[in-house]
1. For the stretch 96-162, which semi-axes, largest first and in whole Å, follow from the square roots of 5 times the eigenvalues of its Cα gyration tensor?
2. Excluding same-chain residues fewer than 8 positions from Lys159, which aspartates and glutamates have a Cα within less than 14 Å of its Cα?
3. Looking at the stretch 22-81, which GluC sites (Glu not before Pro) are DSSP coil and have at most 10 other C-beta atoms within 10 Å of their C-beta?
4. What FRET efficiency comes out for the pair Gln363/Lys152, r = Cβ-Cβ distance, R0 = 35 Å, nearest 0.05?
5. Over the stretch 59-185, average the accessible area per residue using a 1.4 Å probe and give it in Å², no decimals.
6. Top to bottom by accessible area (1.4 Å), largest first, where do Trp59, Trp280 land?
7. Take the solvent-accessible surface of the protein heavy atoms, probe 1.4 Å, and return the percent of it on the stretch 193-320 that carbon and sulfur atoms account for.
8. For Gln55 paired with Ile180, estimate the spin-label separation in nm (one decimal), with each label point 7 Å from Cα along the Cα-to-Cβ line.
Amino acid sequence: QQSNKRNHVKNYLSTVRATVSNIENAPISLQSLLLENIFNTRPELVGRISKHYYQQILWDIHKIIGSFDLIGNPVNLVTNLGSGVHDFFYEPIHGFVSSPADFLDGIHKGSSSLAKNSVSGIFNTISELTGTLGRGVAHLTFDKEYMRQRHKDSSDVPKNPAEGFGKGMKEFGKGIYKGITGIVRTPYEETKDQGAVGLVKGTGKGLIGAVVKPTVGFVDIAIRTTQGVKNAASFQDIFARSRPPRAFGPDKSIQIYDVNKAIGQVILRGVHEGLYENDWYISHFFTRSPFGILIISNHNILYVDCTRSPYVQWESSLFAIEDVSELDYSVVVRYHKISTELGIISDRQKRESIVQFDFEDAQTSRLLYDQLSAIVQLIHRFELSQTDIVFSNRFIL
């Protein structure tokens, strides 16, 4: 009972933290400290420096508090309105001292700046308030995967109101879908982990999610639309990646950038709604017709069908692979499937299966065969469990 109470308190504090802890564009300015002819011990010197910057932070504490999303970031609103009013008067005056044409141009610039900054500031405040509401309500689902995916989607910022409304409607649809499917999926997953207790907990979470997730999706329509209005009004540059992020192996070592590895990692972590996001990419191979990609991670091997939109057509744990063989331009994998009932696995529930992958050339099939063979031999030799598989791609390759 005490453990349950601690979990409830932890979840409550997590919700409060997620709601109030976001700070955006706080204009903090710390003045430099100049010390000359210093004759102090190290603790005294550290104390003087600490005291100086502590006082500087206290001086700007109102700016930090005013930048909380919980209250709509009023500092940002005042800053935008102040910039617009300043330009509204300054630009015409600056043009007046030059020429009548510059005066008219100054009126245009000042009026545009006032309108742009006013709209940007007001809609930014609305966006922050609705965003805080959405984050707080989303935590009521107690679904960590749902909240993780929602946080990931929030990084895709809309450029204009139409794009924002479209993204909001998409997330609203996701909320309805996840809410309905969660009524069955959540109790099933909780039952696998905790048995009868999990069934009760999962049923409660599923019913709550069926109401909360569509509600959060509806709030996301307002959030995304106001974000689009703000970005369109401020002409804010939306930066996009010029290349896929660097691929790191399980050993997390930094190696020379390889675009093929980077693409493989993006595909691995993007398919199946991020199911393999915690896997470390090792290698991938393009299969012959039908066109697809076979990806090996440090935990799984999966075949991604790319004939239309990428989706996982087949996957297996590396731990489940029994044997690998090579036939001309093909590789045959013998593995066992596992079916579960209430999270209990027996030998009778393991069913042996075979899958064959065809490639354009013998070199590709040979490379795949060598890698999988090395993995299988390592697992069988040391009797590794699923959680022990942390291969280094340098070891495999």
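1. Numbers: eigenvalues 374, 27, 10 Å².
Values for the stretch 96-162, descending: 43, 12, 7 Å.
2. Asp237
3. Details: sites: Glu24, Glu36, Glu44; in loops: Glu24, Glu36.
Within the stretch 22-81, the qualifying GluC sites (Glu not before Pro) (loop, at most 10 other Cβ atoms within 10 Å) are Glu36.
4. Numbers: r = 37 Å, r/R0 = 1.06.
Here the calculated transfer efficiency is 0.40.
5. Values: 7170 Å² over 127 residues.
Per-residue value: 56 Å².
6. Details: Trp59 195, Trp280 65 Å².
From most accessible down to least: Trp59, Trp280.
7. Carbon and sulfur together cover 60 percent of it.
8. Placing both labels 7 Å beyond Cα along the Cβ direction yields 6.4 nm.
The values are calculated or read from the model by the stated rules, or taken from the named source; none is laboratory data. Predicted, not measured: the structure shown is a model, and the values here were computed from it. All Cβ positions, even for glycine, are placed from backbone atoms using ideal geometry, and neighbour counts span all protein chains on display. Protein only, heavy atoms only, side chains kept; ligands, DNA and RNA dropped before computing areas. Shrake-Rupley method; radii C 1.70, N 1.55, O 1.52, S 1.80 Å.
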